[in-house]
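Here is the structure we will look at.
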Amino acid sequence: MSQSNKDHHDYVPDSKFEMVDIVKKPEIKNSEQDNIVEFFTSSNTAHSASSSESYSRSPDKPLFGITKPHVRKFVDSFRRAEDDEETAEDLENELVSTLSPSKSKQLHGQKNGDDDAHLQKSIRPRHVLMMSLGTGIGTGLLVGNGSALSKAGPGALVIGYGIMGSCLYCIIQACGEMAVCYSGLPGNFNAYPSFLVDEGMAFGVAWVYCLQWLCVMPLELVTASMTIDYWTTKVNSDVFVVIFFVLITLINTFGAKGYAEAEFFFNSCKVLMMAGFFILAIVINTGGAGNDGYIGAKYWHNPGAFRGDKSIDRFKDVMSTFTTAAFAFGASEFIAIGASEQSNPRRAIPSAAKTMIYRILFIFLTSITLVGFLVPYDSTELLGSGGSASSQASPYVIAVASHGVRVVPHFINAVILLSVLSVANSAYYSSCRILYSLAQQGYAPKWFEYIDREGRPARAMLVTTIFGVIAFCSCSDKEEDVFAWLLSIAGLSQLFTWTAICLSHIRFRRAMKVQGRSVDEIGFKSQVGVWGSGYAAIMMILALIAEFWVSIAPIGEDHLDAQNFFENYLAMPILIVLYFGYKIYKKDWKLFIRAKDIDLISHRTIFDGELVRQEEEEYKEKLRNGPKWKRVVAFWC
């Protein structure tokens, strides 16, 4: 054998299959070997036993009998990726960027733009713009508020959203500070409690957060079938669930590109619908359209702004809206993560926080107030009202249709359907990547770390698809109960995550103080400081206590209700089981990590305080010497 060929396998003419030349390199990765020999076989058992050679099908031979090249390429795309590390990094970046539209520039601290090239090819600036505008317009706002309005009243709904919005501003600041310090940490905010608070808490919260997103997809599909019921109830709801289920699965099969294109279309429709609703709602309220003339604040006086007659019941009204508000504000924490990875996070994070204020004021509070002006809380058409109209309409549709405006409600309902599908699309995309992230952190089996050649977490996607089967309960007469259960799991899980972020920030600052480290090492400092995180954490804990109270002793009832408790508070028992299960398995009984023992070095980026101050002064000087409009933009944006 010649020198050039002595490291190659010999051709064996007795084999059923042709050989491919495989260079024997001792440094070859196991994953690469798996790719090469994944479908190796031989029909000659005796020959296989006596030979150490590996055989594969010839590239010219059809795999599994598939001869069409496009189909073969699609099937091969589900094989393990050859470069696991690079693909895993792209996957982590895709998760942050798709849930956090602000991440459109080069990653902070990135050596070059090549590391994120796959993501940049998939998600364009036009996708980023529409994702940022459409964030927050989903099931919680458009459909879930119908149930909250029916149970609490418009005044309680506005107050509840206002309180949760003030907490969210502090959470974004805290999350932004932590994200700048730990920009390269796998798992982002789900990993912070593991080394700052307690590993058991981190395990429980991370899994409940993953469960939240796994439940959101079937929740959205159930909501979609309920939205269809506005037009017809003659067709079995599962027919529409099958159609939407297949559609969402196919979209996500194409990875980030399919996700981004679908979200661009969905968010464009949502933004146009909300803008149109604001205008039409004002016109209807002032008597410019519809059959009822001037309405004003009539429904805030009769039947009233609060459902309860007693002071304690009105207090419960406000408390009962927190879970719905948390679900509607869901995924806002990713905005801080994305902003922290901009080229200048000290500018991007305050800008993201201001953007969230505007979203809270205009998209949430303004639209909720307008709905409250046009829909009384005792309307039998609202979700969960129990009336004869049987609760199949969004409050935004009712706000227009109940006053005699025709045609337009159908357009609004159609856009709401698209909005619901948009959230289902995001939930599918995000949940499988969060499950993959848990596997990276060691909280889930390593089996879920499988990434195929197209950068998809294929095995995690399989689990997400299985969870989607829950949506087929939509044909049951308990459809609304399933909606309430899934909504509660998602909303409470969001409260757990926000509490963990705030506690992690408080413990981080405490450890910095105890260990004698300067806060100047922090690249971005929360504008509300530890006090803001303390306020948000206390409000989250009070919200959980209030939800417990309202769940076990419903508004207007003088007895305890176990069914209502588990329907609205199921996520808490799940968290407790996960927490103590971890403690028992690991035999780790410490309550929290002491400040002096917290690791402030690993994974953390330590900034030069003097350089940070110098850059800040240069920025302020540039604003002072620049045109006035730039100072106005810097103040408001």
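The table that follows gives values for the structure above.
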item	result
Bins of 5 Å, starting at 0 and running to the largest distance - Cα pair percent for the range 505-573	3, 14, 17, 14, 10, 9, 9, 9, 7, 5, 2, 0
Chymotrypsin sites (Phe, Trp or Tyr not before Pro) restricted to the range 558-603 and DSSP loop, no more than 13 other C-beta within 10 Å	Trp589
Stretch gain in nm, segment Trp231-Tyr585, where the contour uses 0.36 nm per residue and the Cα spacing is subtracted	122.3 nm
Neighbourhood net charge (10 Å Cβ-Cβ; Lys/Arg +1, Asp/Glu -1) for Asn568	-3
Positive-end residue of Gln440, Val519, Ile451, charge dipole of the range 438-546 with Cβ unit charges	Val519
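No value in this document is a laboratory result; all are computed from the given coordinates. Note that the structure is predicted; figures quoted are calculated from it, not measured. Cβ sites come from the backbone with ideal geometry, for glycine too, and all protein chains shown count toward neighbours.
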